[in-house]
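Notes follow the structure.
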Amino acid sequence: MVKNAEKVEIEPITDLICELTRNCGIKEDYFAQQFNLTPTELRFLKLFVFSSSYTSKDLSKLLNITPGRVTHIVTSLEQKKLLQRTNNVNDKRVINVSLQPRATSFIENLYYGYNEFQKKILQDVGDEQLKVIQNSLEILVDIFKKWVNEKNTL
């Protein structure tokens, strides 16, 4: 772990993170096109693998987008017959966003396809390298989550 940034050259790490981010964006764009979605719709729908319903406010927080942007994306996915909005029975100000019944199999196919797509990208990486990559990514995710949490408390 880097305790003292002056002792380690940070610029190559910064460049690698930027390159990884850029390439992940290209990968997400390509994969989204396979399902006739925008990259934002793809990120949005991937959340529904873990839960079949969210509030609009939860979606805004999870994706770090404005409530207006959530409304726009939900409207688009409603038109594609994948999501639906309902008012919360306990609080009419709260909007619940959930999968439409036919969307469950679509989400399962999306999740399966995404995992297969990742396997194909990583197919030439050995088991030991995969463990190193996973460990490194877990460290990076923890670092960035910590930064996000600190940023949100300011």
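How about K61: which lysines have a C-alpha closer than 16 Å to its C-alpha, ignoring those fewer than 8 places off in the same chain?
Excluding near neighbours in sequence, the set is K46, K145, K146, K151.
In nm, give the distance between the simple-model label positions of T38 and S56, each being 7 Å from the Cα along the Cα-to-Cβ direction.
Simple spin-label model gives 1.7 nm for this pair.
For I143 and N87, compute 0.36 nm times the residue count separating them, minus their Cα-Cα distance, and round to one decimal in nm. Spell out each step's value before the answer.
Working: separation 56, 0.36 × 56 = 20.16 nm, distance 3.68 nm.
Working it through step by step, the gained length comes to 16.5 nm.
What does the charge dipole of region 1-138 about its Cα centre add up to, to the nearest 20 debye, if the Cβ of each Lys and Arg holds +1 and the Cβ of each Asp and Glu holds -1?
On the way: 18 positive and 17 negative charges, 180 e Å.
Roughly 860 debye, rounded to the nearest 20.
Can you tell me the relative contact order of the chain? Whole percent, Cα pairs under 8 Å, sequence separation 6 or more. Intermediate results must be reported in sequence, preceding the final value.
Working: 88 pairs, mean separation 25.9, N = 154.
Computed value for the chain: 17 percent relative contact order.
Using θ = phi - 60° and the Karplus form 6.51 cos²θ - 1.76 cosθ + 1.60, what ³J(HN,Hα) does each residue of region 84-97 get, whole Hz, x for Gly and Pro?
9, 9, 9, 6, 5, 5, 8, 8, 5, 6, 8, 9, 8, 10
Would you mind checking which residues have amide H under 5 Å from Q100's amide H? H placed 1.01 Å from N; only 5 or more apart, or other chain.
L83, Q84
Mind grabbing the base-10 log of I(q)/I(0) for the chain at q = 0.08, 0.10, 0.13, 0.16 Å⁻¹? Debye formula, identical points on the C-alpha positions, no solvent, two decimal places.
-0.32, -0.49, -0.79, -1.08
Just want the answer: with Cβ charges of +1 for Lys and Arg and -1 for Asp and Glu, which residue in N36, S105, T86 is farthest toward the dipole's positive end in the chain?
Positive-most Cα among the choices belongs to T86.
For C18 and Q123, what does the FRET efficiency come to when R0 = 25 Å and r is the distance between their Cβ atoms, rounded to the nearest 0.05? Working shown, then result.
Working: r = 25 Å, r/R0 = 1.00.
Efficiency at R0 = 25 Å is approximately 0.50.
No lab work stands behind these numbers, since they all come straight from the coordinates. Nothing here was measured: the structure is a model prediction, and the numbers come from that model. Ideal geometry is used to build each Cβ from the backbone, glycine not excepted, and the neighbour counts take in all protein chains shown.
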